[in-house]
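Beneath this line is the structure, given in structure tokens, with notes to follow.
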Amino acid sequence: MTAPLNAFTVDLEEWFHVCGVGGTLNPENWDRLPSRVELTTHILLDALARAGVRATFFVVGWIAERYPHLVEAVREAEHEIGSHGYRHERVYDLGPERFASDLRRSVQALHAVGVPRVTLFRAPEWSINDRSLWALEQLARDGFTLDSSMAPLKIVGSLAYPRHPHLRHTAACPVDRNDEDLFRKSPIGFGKKDSLQRCNRSRSRPRPKERHFTVRSSNSSRAMKPSAT
Ligand SMILES: [Zn+2]
């Protein structure tokens, strides 16, 4: 029996990076709002270090530009870095052209703070779904190899979406390439009290195609030790 490998992921963003709201939380007001991202990220980094857990941080480009030292701290702690868009806007609201531009700007922001290669992506509000599957082609064209945006949940995603990592073939990555060239999809889940342990127990039954479970969390994240139930 193969024990599940749990993956811990974080969206590195501000408390005011909320999709689809206006007024005070409009992007033009962001620089005037109180920031919490440094404090909460350092709390989380400390917790991850104590637990001996390495995570994947999906970073908003706007954050990388304003807090380069924060991205540096995440990298120094040997966590993975991915893109969470530049302005934290829903993919299907952006449309293909603006999404391509936002994506590239997010990558440039990460390059500028020393991230050499950006190949991992999570859309704000998991907004790659049946309304925006074209975004996967764009990601593949831009050299991304892993997406963690399609939630197996109602409303933001679909219960029909796979709950385990899988390869998804896109026109930009033909099926006749080697595995590492194919576009990988990673599932998401929510950590809540013992939910991860319960998930692991149910998944400890032999399921050879399933390799890991990803916990999506934000500033209130709590580190969880990789479980080997
Ligand atoms: Zn987010």
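The values are calculated or read from the model by the stated rules, or taken from the named source; none is laboratory data. From a predicted model like this one, the values you see are computed outputs, not experimental measurements. Reconstructed Cβ throughout: ideal geometry from the backbone, glycine too, with neighbour counts over all protein chains shown.
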key: Given (1) touching a helix residue (DSSP H, G or I) at 6+ places or on another chain (Cβ under 8 Å); (2) within 24 Å of Val156 (Cα to Cα); (3) small (Gly, Ala, Ser), index of the condition Gly23 fails   = (1)
task = For the stretch 5-14, indicate whether the set of residues that are among the polar types (S, T, N, Q), more than 16 Å from the ligand (Cβ to nearest atom) and in contact (Cβ under 8 Å) with a residue 60 or more places away in the chain is non-empty.
result = yes
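The rows are residues; the columns are (1) more than 14 Å from the ligand (Cβ to nearest atom); (2) modelled with pLDDT under 95.
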position: Asn26; (1), (2): yes, yes
position: Val37; (1), (2): no, no
position: Phe58; (1), (2): no, no
position: Pro68; (1), (2): yes, no
task = Select from the stretch 70-90 the residues that are within 16 Å of the ligand (Cβ to nearest atom) and over 15 Å from His17 (Cα atoms) and list them in ascending order.
result = Leu70, Val71, Val74, Ile81, Gly82
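His69: closer than 20 Å to Trp15 by Cβ and loosely packed, with under 15 Cβ neighbours inside 10 Å, yes or no?
Yes: the conditions hold for His69.
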inquiry  = Which residue is farthest from the ligand (Cβ to nearest atom), if the candidates are limited to the stretch 91-129 and must be more than 15 Å from Leu139 (Cβ to Cβ) and touching a residue at least 40 places away in the same chain (Cβ under 8 Å)?
reply    = Gly114
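Looking at the stretch 101-133 only, could you name the residues that are assigned to a loop (DSSP other than H, G, I, E, B) and under 14 Å from the mean Cα position of the chain (by Cα)? Steps first, answer last, please.
Going through the stretch 101-133, the residues assigned to a loop (DSSP other than H, G, I, E, B) turn out to be 113-119, 122-123, 127-133.
Val118, Thr119, Arg122, Ala123, Ser127, Ile128, listed by residue number.
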query = Do you know which residues across the stretch 1-17 are at pLDDT 90 or above and either charged (D, E, K, R) or more than 15 Å from the chain's Cα centre (by Cα) (or both)?
reply = Asp11, Glu13, Glu14, Trp15, Phe16
ask   = Looking at the stretch 88-119, which of its residues are of a type in the set (Lys, Arg) and farther than 20 Å from Thr56 by Cβ?
value = Arg90, Arg98, Arg104, Arg105
query = Restricting the first residue to the stretch 132-147 and requiring it to be of a type in the set (Gly, Ala, Ser), which pairs with a second residue that is assigned to a loop (DSSP other than H, G, I, E, B) and buried (at least 21 other Cβ atoms within 10 Å of the Cβ) meet a Cβ separation below 6 Å and a spacing of at least six or different chains?
reply = Ala135/Ile128
task = Could you identify the single residue in Leu167, Leu159, Leu136 that is at pLDDT below 95, assigned to a helix (DSSP H, G or I) and away from the ligand (no atom under 16 Å from the Cβ)?
result = Leu136
